[in-house]
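The values are calculated or read from the model by the stated rules, or taken from the named source; none is laboratory data. All values reported here derive from a predicted model rather than from experimental measurement. Using ideal geometry, Cβ is built from the backbone for each residue, glycine included, and neighbour counts are taken over all protein chains shown.
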Amino acid sequence: MVEVKFEQISPADFFYRNRDIAGFSSPARSIYMSIRELVENSLDACEIGKILPEISVELSSEGEVGNSGTEIYRLIVRDNGIGVDGDYIPKAFGTVLYGSKYGFKQSRGTFGVGGTMALLYGQITTNRAFKIISSRGGQKIYEYEMMIDIVNNTPRIINKKAQDNKNGWRGTIIDFTLEADYSTSKSKIIEYLKMTALINPHASISFIDPKGRFYFFGRVTDQVPEPPKEAKPHPQGVDSETVSRIASDTRARTVLRMIIEEFQRVGGKTALEILKNANIDPDTKPSELTHEQIASLVSAMRSYQGFRAPDTGSLSPVGVSFLEAGVKSLLKPDFYHIVQRPPTSYSGIPFIVEVAIAWGGAIEPSEEIHLWRFANKIPLLYDERADVSWKVVSERIDWAAYKVPKIAPLSVITSICSPKIPYKTVGKEAVADRPEIERELTLAIRECARHLRLYLSKLEKREAAKKRLNIYAKYLPKIARFSSELADQKPPDIMPLLKRLGITDDMLAEAAKLESEEEQLPQTPAA
């Protein structure tokens, strides 16, 4: 008989063995992912405290080559966020799937993996400890030098010290080494920082690359967005496991009170109707609910049509004014239009779609529309063609109907905000094509495209009028001169007429220049 070996591995061990699924698939992709995850953690730390972000990223070469033949770099990310309490630093940075982002509210991070995964990747590829320095603005600044015990998914503290915080500094500094291919990933990193600045125009972000080149994306607004608030789950978005956990943890004494107190926007009358449909006694103790009753309750919640829309307090959309500031600062378009759709939901989970269209300015003409995608204020740079936004832009919108030529200086910016973005992979690069999200994107892009069509129609009319006036500017003076010569009269002053027609001195000068050039062309002899 063949003996089968069973074993249990920790979350850290799982991601150690399967780091590709978290986006750390190559040295080039991994340096991009490390910078991305740590910058996003910094932005979240500032947003929670309503702080204007000051984030710096510094990447330098260690002058060494790792085991895989790839160069070793040192990455330092600094922020002025709320910081981390000294006692929580080891677990927050040395434990995979430990964090503050599992509540029902919008956040850039989703799985509690990214930042720790970057440190884990650095440890795997260089076998060196990482350093965390943080303070919440109190009397002490805490500094830890650590590694991750991969087998047990626990932090292994190498050195720890605390020093007086004389200047009241607040924030976090992450310092570690990793194998990376910066030359291949450079363009993606710069594009990521540029797009992050666009969607977070209140942030100041700087980057020093290994060659000492300094990139700076300054803030263009001093407004601070309202942070999202923790919300209770909506009844239509739960499953049996969620209800089981609520039933075991609730302080409510009856299932009726549990539904009212533990779910959002549910009143007594609605709760009674749900329990009636589920055939459950309202006075039943939550802890006494059977598996069959929980399944029946979940089915009744999902089929009930009388719920109010989910609470949107858990959302923090970009906002029209912030999106406008970012678009104007970075793209400098000749025309733009921004739409924020009303909040809606999929499976009881609220979301908001925002779309901007920009034309001209710094946008290079291209056969393909420049699509910039964001989810919870995160730029998405990879897997574009797998994303619902690409599907809408390329398949659902007939751009010719909106007077957009095949080669056009057009950018479409899409932003989706939700407590639970339906990503296709753990790498968080492509949003699934949920029908509700696809519909909202389609409506928003079409509304923007209608305004673009009006703008392009005005350009067409203006161009046609300009051509007509150029013809007048070229031939009216000739007609006046030839007519006066035939009548043996003094040429009339036609300038007032030309001015009334809208012909400028520049048009007349251009017409005279063209006429002079035509006269200088060699004449073809008559046959």
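Applying the criterion of being touching a strand residue (DSSP E or B) at 6+ places or on another chain (Cβ under 7 Å) and among the β-branched types (Val, Ile, Thr) to the residues of segment 32-58, the residue that is farthest from Ser134 (Cα to Cα) is Ile35. Scanning segment 356-374 turns up at least one residue that is assigned to a strand (DSSP E or B), buried (at least 23 other Cβ atoms within 10 Å of the Cβ) and β-branched (Val, Ile, Thr).
Restricting the search to segment 50-66, which residues are touching a residue at least 60 places away in the same chain (Cβ under 8 Å) and small (Gly, Ala, Ser)?
Ser56, Ser60, Ser61, Gly66
Taking each residue of segment 257-270 that is under 12 Å from Pro233 (Cα atoms) and looking for partners that are of a type in the set (Asp, Glu) with beta-carbon atoms closer than 7 Å, six or more apart or interchain, yields Gln264/Asp311; Arg265/Asp311.
In this structure, is Phe216 closer than 29 Å to Glu324 by Cα and surrounded by fewer than 17 Cβ atoms within 10 Å (Cβ to Cβ)? Considered against the rule, which asks whether it is closer than 29 Å to Glu324 by Cα and surrounded by fewer than 17 Cβ atoms within 10 Å (Cβ to Cβ), Phe216 comes out as yes. Out of Asp283, Asp311, one residue alone is closer than 21 Å to Ile246 by Cα, acidic (Asp, Glu), outside the structural domain of Ala203 (by TED's automatic domain parsing) and surrounded by 14 or more Cβ atoms within 10 Å (Cβ to Cβ). It is Asp311. For segment 441-455, the criterion of being at pLDDT below 70, surrounded by 15 or more Cβ atoms within 10 Å (Cβ to Cβ) and in contact with a Phe, Trp or Tyr (Cβ under 9 Å, 6 or more places away or on another chain) is met by no residue. Would you say Val339 is farther than 30 Å from His370 by Cα, among the β-branched types (Val, Ile, Thr) and modelled with pLDDT of 90 or more? When the stated conditions are applied, Val339 does not pass them. Scanning segment 352-395 for residues that are among the β-branched types (Val, Ile, Thr) and farther than 21 Å from Lys428 by Cβ yields Ile357, Ile363, Ile369. When segment 389-436 is filtered for residues that are at pLDDT below 90, among the basic types (Lys, Arg) and touching a helix residue (DSSP H, G or I) at 6+ places or on another chain (Cβ under 7 Å), only Lys424 remains.
Scanning segment 411-442 for residues being among the small types (Gly, Ala, Ser), over 13 Å from Arg108 (Cα atoms) and assigned to a loop (DSSP other than H, G, I, E, B) gives a total of 2. Scanning segment 77-132 for residues that are assigned to a loop (DSSP other than H, G, I, E, B), within 24 Å of Pro227 (Cβ to Cβ) and modelled with pLDDT of 90 or more returns Asn80, Gly81, Ile82, Gly83, Val84, Asp85, Gly86, Asp87, Tyr88.
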